[in-house]
Amino acid sequence: MGKRIFWVGVICLVLTGCASAPIPRQIQNSFPIDRPFDKIWEAVIETFAELNLPIINMEKASGLITTDWIKQDDLEASDCGRIGMLSLEMSRRMKFNVFVKKIADASEIKVNTMFEILVKTVGIDPIEISSCYSTGKLEKEIYDLVKAKIQ
């Protein structure tokens, strides 16, 4: 019986040993744009509407727009590491905070993206939620869409 428990433990360690943590990266999330604040603000709102991003807070005076959690379809946009063989990825989700800031006659947008992965591990009841790191892909895409609207 003792050997059986030992081997079960070894197998579990091997199967979960394949997991790895996500790697933080330096990404660009702040983008200067040589246009007035109001023009940038309208382009950001229009971009969010076109992408069907669920805005939960929008305050023009502070330049802040926040979204609710959204299902993440583009898996290249975040690094969640690798989950172990005894785990199953249930879903990934993301949310945005976008700041539009007036700088003299120009503006700047700063896109902060938060990512989470929901994982179910065999034999463990609650679903585990872990933070992931951005690859910078979505921040750049938001900037590109906003910039295209004001050209």
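A few remarks follow.
- As a summary of the residue check, K95 satisfies the conditions (1) of a type outside the set (A, V, I, L, M); (2) without any contact (Cβ under 8 Å) to a residue 24 or more places away in the chain; (3) under 30 Å from D38 (Cα atoms) except for the one numbered (2).
- Of residues in region 127-139 being buried (at least 16 other Cβ atoms within 10 Å of the Cβ) and not aliphatic (A, V, I, L, M), the one nearest to F99 (Cα to Cα): E139
For every residue, the table says whether it meets (1) surrounded by fewer than 14 Cβ atoms within 10 Å (Cβ to Cβ); (2) farther than 20 Å from P24 by Cα; (3) not charged (D, E, K, R).
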site	(1), (2), (3)
I65	no, yes, yes
D79	no, no, no
M85	no, yes, yes
I103	yes, yes, yes
K120	no, yes, no
E141	no, no, no
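- Test: residue in region 71-78 that is farther than 18 Å from V146 by Cα, among the acidic types (D, E), under 15 Å from the mean Cα position of the chain (by Cα) and part of a loop (DSSP other than H, G, I, E, B): yes
- Only listed residue being closer than 26 Å to E50 by Cα, touching a Pro at 6+ places or on another chain (Cβ under 8 Å), among the hydroxyl-bearing types (S, T, Y) and not in a loop (DSSP other than H, G, I, E, B), chosen from Y133, Y143: Y133
- Those residues of region 54-70 which are assigned to a strand (DSSP E or B) and in contact with an Asp or Glu (Cβ under 7 Å, 6 or more places away or on another chain), in sequence order: I56
Rule-based calculations on the coordinates, nothing more; no lab input. This one's a predicted model, so the numbers in the text were calculated from it and none came from an experiment. Here the Cβ is made from the backbone with ideal geometry for all residues, glycine too, and neighbour counts use every protein chain on show.
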